[in-house]
């Protein structure tokens with residue numbers, strides 16, 4: 001479903017402090033129905049705090065949050081239009097999947113007949129019908145995260161907030177969760193997904209906003225953000241066969257590489273002038289004893305945009321809690 005002309009979510013100048021520390025500072029964002037916005041940034045950037053403001057669980061110290069024109073903190077009806085999927089699993093492990101969903105449907109204020117319909121619809125949308133009668137505590141982490149998402153859908157929310165929805169799951173479970181989120185988007189829901197996984201954001205989102213030290217440092221559609229990079233020089237990426245020692249790390253950094261994800265992958269940005277030869281880089285690193293499994297050449301992605309945005313800003317706020 002294409003986005004409507006008027007944004008469903010409007011954030012203007014939102015600011016928040018926690019124990020005398022500024023967590024968010026002048027955040028502006030819009031999100032339309034039928035659109036997925038990835039909120040990107042490292043741990044402590046303020047992503048979860050912003051999600052709590054949008055969910056109505058906190059009120060901003062300054063600025064405003066509006067969901068379909070209403071303040072979610074002050075308006076119960078606005079909060080009922082929001083589905084919240086926390087980073088931690090918030091389920092009853094001894095109850096079955098269906099029983100969990102029934103509990104959340106009742107908490108959402110649905111009557112008995114409406115509960116049955118809502119549970120059936122959520123099971124179908126999230127592909128959980130086959131495990132509906134199994135206790136949640138016996139399911140894999142990937143299935144539990146899908147139940148976590150299903151529990152947020154009982155009141156048919158127009159906006160779904162997801163905080164690190166694929167954290168700690170394997171690739172198959174991640175693909176299943178991505179399929180669920182795509183179905184939600186196609187059904188017309190607006191999705192705000194907080195993540196530090198740039199590759200995931202590229203797969204899921206229509207728009208991306210980069211948050212650092214409580215401020216949006218770059219925002220736009222994926223096509224706009226990536227257009228300038230796709231014509232640029234490629235990046236070299238090193239995959240290690242084992243964790244790098246201190247001396248290995250020093251060698252990689254001298255060669256222009258920085259670690260990403262678990263530390264088994266290191267990436268170097270292109271530099272002005274002559275581009276290094278990948279085969280020569282591989283041979284040189286192996287000669288230094290670095291446990292390199294392979295070197296890859298990739299087009300720059302959202303992580304490159306984020307690094308560029310950070311290089312243009314000066315630290316102004318302490319890390320958020």
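Only the coordinates and a few stated rules stand behind these numbers; no lab work does. As the structure is a computational prediction, the values presented were derived from the model and not from experiment. Cβ sites come from the backbone with ideal geometry, for glycine too, and all protein chains shown count toward neighbours.
Here the peptides 80-86, 125-131 are ranked by packing, the mean other Cβ count within 10 Å, and the order with the highest first is 80-86, 125-131.
Exposure proxy shown here: for 305, 238, the number of other Cβ atoms within 10 Å sets the order, fewest to most, as 305, 238.
Distance from the alpha carbon centroid of the range 67-105 to that of the range 48-63 works out to 16 angstrom. Placing R0 at 35 angstrom, the Cβ-Cβ distance between residue 18 and residue 125 gives a FRET efficiency of 0.50 after rounding to 0.05.
Computed per residue of the chain from DSSP H runs no shorter than four, each worth -39500 (n - 2.57), the mean residue ellipticity at 222 nm is -10500 deg cm²/dmol. Using alpha carbons only, how many degrees (0 to 90, rounded to 10) separate the axis of helix 171-186 from the longest principal axis of the chain? Computed tilt is about 50 degrees. Residue separation of residue 95 and residue 138 scaled by 0.36 nm, minus their Cα-Cα distance, works out to 14.5 nm of gained length. Once the chain from residue 202 to residue 170 is taken as fully extended at 0.36 nm per residue, the excess over their C-alpha distance is 9.7 nm.
Compared with the dominant Cα axis of the chain, that is its longest principal axis, helix 278-287 is turned about 80°.
Taking the 0 to 90 degree range and rounding to the nearest ten, how far is the long axis of helix 141-151 tilted relative to the main principal axis of the chain, both from C-alpha atoms? Relative to the chain, helix 141-151 is tipped by roughly 40 degrees. Which FRET efficiency value, to the nearest 0.05, is calculated for residue 10 and residue 61 with the Förster distance at 22 angstrom and r the Cβ-Cβ distance? The pair residue 10/residue 61 has a calculated efficiency of 0.80.
Annotation: peptides 240-248, 33-41, ranked by per-residue average of other Cβ atoms within 10 Å with the highest first, follow the order 33-41, 240-248. Computing FRET efficiency as 1/(1 + (r/R0)^6) for residue 297 and residue 80, where r is the C-beta to C-beta distance and R0 is 35 Å, gives about 0.10.
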